[in-house]
1. Tilt of helix 213-226 relative to the longest C-alpha principal axis of the chain, in degrees (0 to 90, nearest 10)?
2. Give me the 1.4 Å probe accessible area per residue for the chain, excluding ligands and nucleic acids, in Å².
3. Heavy atoms of the protein only, probe of 1.4 Å, neighbouring chains included. What is the accessible area of LYS232 in Å², nearest 10?
4. If you place +1 on the Cβ of every Lys and Arg and -1 on the Cβ of every Asp and Glu, how big does the dipole about the Cα centre of the range 77-229 come out, in debye to the nearest 20?
5. Under 18 Å from the 7 Å Cα→Cβ point of LEU542, by amide nitrogen: which residues of the range 586-612?
6. Summarise the accessible area of the range 205-302 (1.4 Å probe, protein heavy atoms) by the percent that is carbon and sulfur.
7. Tell me the angle of helix 58-73 to the major Cα principal axis of the chain, expressed in degrees between 0 and 90 and rounded to the nearest ten.
8. Can you give me the pair-distance distribution of the range 254-318, C-alpha pairs, 10 Å bins, whole percents?
Amino acid sequence: MRTIKFLLLYILLSLVGGIEANAQLKHLDKTANFGEHPRLLLFDSDIQQIKSNIEKNELWRKIDDVIQSEARKLFEVDALKRVQKGRRILEVSREALRRIFYLSYSYRMTSDERFKARAEKEMLAIAGFEDWNPSHFLDVAEMTLAMAIGYDWLYRDLPESSKSEIKEAIIKKGIDTSFSTDNNSWLSSGHNWNQVCNTGMAYGAIAVYEDIPEIAKVVVDRAISSIALPMKGYAPDGAYPEGFTYWSYGTSFNVLFLSAIEKLFHTDFGLSSMEGFLPSAYFIENMITPSKESFNYGDSGDATSLNPTLFWFADKMRDSTVLWSQYYYLTKKKSSSFTKNRILPALMIWGKNIDLDRILPPSRNLWVGQGVTPVGSMRTSWTDSNAIFVGLKTGRAGANHSHMDIGSFIMEADGVRWAIDLGPQDYTSLETIGIDLWNRKQNSQRWDVYRYNNFSHNTLAFDKKKQDVGGYTRINSYGDSPGFMHLISDLTNAYKGQVKSCWRGIAIVDNRFVVVQDEIESLDKATELTWSMVTKATVRKLDDYSLELTEGTKKMIFRVETNQKIKLKTAPAKSSNSYDAPNDGVTIIGFETLIPASTQVNYCVKLIPQKAKAKYKTTCLLYTSPSPRDRQKSR
């Protein structure tokens, strides 16, 4: 009866929701069988190899100990409750995934009944929730994924009564809700929601396949088609459109999906070979700086940590250099730093074929990715924590999770991040007071939030105006010649109607200091330029063109070289809006100047670490004589 009920529901919703009618499968054979439990990620045949790794290698043992230790701590805590914050129960869903994943893994590895019993208790509590909050479908997706893993991995040993309750919840509160057009706009989206939600629904469908085989096939087949939409965004080089944090989120779930279907069907239907997807591992590795923080543009935070997903990439590509930072976390970080990673057990599965004693650093110090959100990074070393690092972000402000940070950069040297990005503000703090945070149109309230507009980023403003949200920019040229690694971008489209042209180039010179060069041509009116850089350092004025930045015992010189008259500025990174987050200890430095009408000007800013002692004039990155067309040809 349930199969008939859900098939009828699917056909009805397909007629009103634009999903292909009559349950036509594009990828799966109608006779496909999903096999016996366990059928998600961890097969019985994998367990012996994982146990062997643990016995032979201290690092594998370290991760296994973390998972089992955390799982044991759950013996002493209450089961989760449905607590909603603002429009989300996402914190609950994520903790559910962490708990059930850890407990189920621990049971599979040890057969200790306490792990199974505690996972069962958690799943029954979650099954009893009134719903999993389908109005914010990420909550449903992560909860369904959690329940699917627990149900599948413990299937053979759960009591029939518990299996029935858990299965009913997966179907009714998970899969069922994904057919409502009120909840499933993510099916046609090109961002992380698509990746997370399709993965959650597919896992749920695979877990309960024997009860709703027709619907299960439809859900998985639908996911194979739909998830290709956000995967197109990795092209051509792997630069994830939504930045570092959302790569870690969207791509991790994408890989959970690919890994599951490939193990089940012995193919991922060509998805992993889509342009830019596998190379995105190089993107994420190059976004991790010498200080082991991220280049955190857009809505990304600067924190980094052990990332199980990169072990899937390393195994898939047979390239362990993408694990260089991961090896640092494994060997240098306390194991307690891994405990919040809710998919940590997947590392034991995806990494089981990797030799952790043979991980080498990447060979290239410059990386550029074009696409939706082009970005570039440069560094003087992969092995020196005091190396110079520069990242440059382009793209367009109106892209998903982007800020008005076109042309913005970060810079590190001597173990200090001198030029920082403030990152996003907590979403709930803005949503609860009615800020229209997710409207990315030019006049949206989003751009009034201090951390989101170009006045609080390491970029430019003209006549105190905001950047154009639709103006697309890219990395126009770059090079890694000895002594002059550089990135150059035409930023003009970000300032439509404000200037005639605007080019920015950034270079690391002689592996010793950084130059930021801006070449601007004004329209037929005088234009005020505001050049900004955000820093946590203590700032002291040296002269009319120079500032000294200090953090601890480290120092850096900020010096402007130009034949134009400028006024240096230093001001606290504060907003007059009551809803803006405080930025205590942060200063905006830079300069202001008036560009005469119809005039081309150049501004060269040197960022000189204490050891560099650069005193000579630097050759410009850009030149006034070639035309923009000629510049674009030069690489």
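The values are calculated or read from the model by the stated rules, or taken from the named source; none is laboratory data. None of the values given here were measured: they were computed from a predicted structure. Neighbour counts are summed over all protein chains in view; Cβ atoms, including those assigned to glycine, are modelled from backbone coordinates with ideal geometry. Protein only, heavy atoms only, side chains kept; ligands, DNA and RNA dropped before computing areas. Shrake-Rupley method; radii C 1.70, N 1.55, O 1.52, S 1.80 Å.
1. 10
2. Values: 24490 Å² over 635 residues.
Averaged over the residues of the chain, the accessible area is 39 Å².
3. Using a 1.4 Å probe on the heavy atoms, I get roughly 130 Å².
4. On the way: 20 positive and 22 negative charges, 90 e Å.
Taking the Cα centre of the range 77-229 as origin, the dipole is about 440 debye.
5. 589-591, 604-612
6. Details: 1200 of 2180 Å².
The computed percentage sits at 55.
7. 70
8. Per 10 Å bin, starting at zero, the Cα-Cα P(r) for the range 254-318 comes out as 18, 45, 27, 9, 0 percent.
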